[in-house]
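Working notes, beginning with the structure itself.
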Amino acid sequence: MSGSATYLYAVTRPVDGSSVSQLRGIGGAPLRVLEVGELGCVVSTVSLDEFGEEPLQRNLADLGWLARVAREHDAVVQGLAEVTTAVPLRLGAVYVDDGSAAVRVARLRAAARATLDVLDGREEWGVKMYAVQPETEPQTVPADRPSSGLEYLRRRRGELARKTIDARALAEDADAVFEELRSVSVLARRHRPQDPALSGVKRPMLLNAAFLVDRDGRPEFHRAVERLAQARPEGAVVRTGPWPPYSFATLDDA
Amino acid sequence: MTGIAPRNESDGLADVLERVLDKGLVIAGDIQVNLLDIELLTIKIRLLVASVDKAKEMGIDWWEHDPTLSSGERNLVEENERLRRRLGELETASEAEP
């Protein structure tokens, strides 16, 4: 298979082509801006050898390829967010040509405009919370061996009860952190906890949340995160960002 | 445990993949990676990472406790069905838009 296709990164407010000239797309390709009504569609040309249906299926199963393309996609969207308001697309919107991309975007024009209205002047921050064993609390395992089977069972039941309470307390604490940060943000979303195999972090993730924050409100949001982090064991609360507003770019949300 | 990538880097990749693959606006493409496949990608990546060698190397057995993985393909088929229905709804909704 050969030939080329159009890859769509984001839908934006009208943007001058020259303001994206510093950015490079997937594989280092230059970016173009298609005008669709009052929207800009930021695209680049990709090869069908890589993004045709079959090669793409194969490539998506290759974590190395995926990691590279995901970072390149993200870099474009990050760059756009610095010059305009952009609704980031999910990776993999590939069209036979620019015209077809424009037609698809035109159909969602109204919804895209509404989303841009929500995103103007705002940015996304991520906050994750992990279960961290407090170092100061030694395990309360009695040194002696249980004197009887009954004693063993009693101890065992006590351990299990403590664990259940701990888990519930941690979950409630994660809820509290989410609510606290929700109160200093415009919108808030909770995502599934990340898989330890992918994140490389073995500690259980209690909270994986995204917050849409006014740029002007950034210091207040950061102070709130710091306050919450300081009240908890080191490393329990982690902040990431700013991100392009991926988590708030969905059209089917109320 | 040695040989694991620096936390920042691996952590960052998980964050990027999560956003780029699972969040973000969906506008149907001509070349159908299919929304389905992209949605299923999270699961694919999990399967990929769960390859036996990798798992041994990492010294973990988390897949045994993961209902999505341990119940195998049947779950993927169900998930696929669910996503297909959802896609149908979304397409109907976007066609209907003026």
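The values are calculated or read from the model by the stated rules, or taken from the named source; none is laboratory data. Treat the numbers as computed from the prediction; the structure is a model and nothing was measured. Heads up, the Cβs are rebuilt from the backbone with ideal geometry, glycines too, and the neighbour counts pull from every protein chain shown. SASA here: full protein model, heavy atoms, side chains in, ligands and nucleic acids out. Shrake-Rupley method; radii C 1.70, N 1.55, O 1.52, S 1.80 Å.
A:Glu124 - would you say it is in contact with a Phe, Trp or Tyr (Cβ under 6 Å, 6 or more places away or on another chain), more than 7 Å from chain B (Cβ to nearest Cβ) and either within 18 Å of B:Leu21 (Cα to Cα) or not β-branched (Val, Ile, Thr) (or both)?
Values: in contact with a Phe, Trp or Tyr (Cβ under 6 Å, 6 or more places away or on another chain): yes; more than 7 Å from chain B (Cβ to nearest Cβ): yes; either within 18 Å of B:Leu21 (Cα to Cα) or not β-branched (Val, Ile, Thr) (or both): yes.
Yes: the conditions hold for A:Glu124.
Condition (residue is touching a Phe, Trp or Tyr at 6+ places or on another chain (Cβ under 6 Å) and of a type in the set (A, V, I, L, M, F, W, C)) applied to the range A:215-233: is it met by at least one residue?
If we filter the range A:215-233 for residues that are touching a Phe, Trp or Tyr at 6+ places or on another chain (Cβ under 6 Å), which is where we start, we get none.
The answer is no; no qualifying residue exists.
Could you grab me the full set of residues in the range A:193-216 that are buried (at least 18 other Cβ atoms within 10 Å of the Cβ) and touching a residue at least 24 places away in the same chain (Cβ under 8 Å)?
The initial filter retains those residues of the range A:193-216 that are buried (at least 18 other Cβ atoms within 10 Å of the Cβ), namely A:194-195, A:197-201, A:205-213.
Listed by number, the residues that qualify are A:Gln194, A:Val201, A:Met205, A:Leu206, A:Leu207, A:Asn208, A:Ala209, A:Ala210, A:Phe211, A:Leu212, A:Val213.
Just to verify a result, which residue in the range A:69-85, among those that are small (Gly, Ala, Ser) and over 12 Å from A:Leu31 (Cβ atoms), is nearest to the other protein chains (Cβ to nearest Cβ)?
Among those residues, the one meeting the criterion is A:Ala70.
So which residues in the range A:60-81 are open to solvent by 30 Å² or more (accessible area, probe 1.4 Å) and at pLDDT below 90, if there are any at all?
Scanning the range A:60-81 gives A:Ala61, A:Asp62, A:Leu63, A:Gly64.
Do any residues in the range A:28-47 that are surrounded by fewer than 16 Cβ atoms within 10 Å (Cβ to Cβ) have Cβ atoms under 7 Å from those of residues that are charged (D, E, K, R), where the two are at least six apart or on different chains, and which pairs are they?
Qualifying pairs under 7 Å: A:Pro30/A:Arg24; A:Gly37/A:Arg109.
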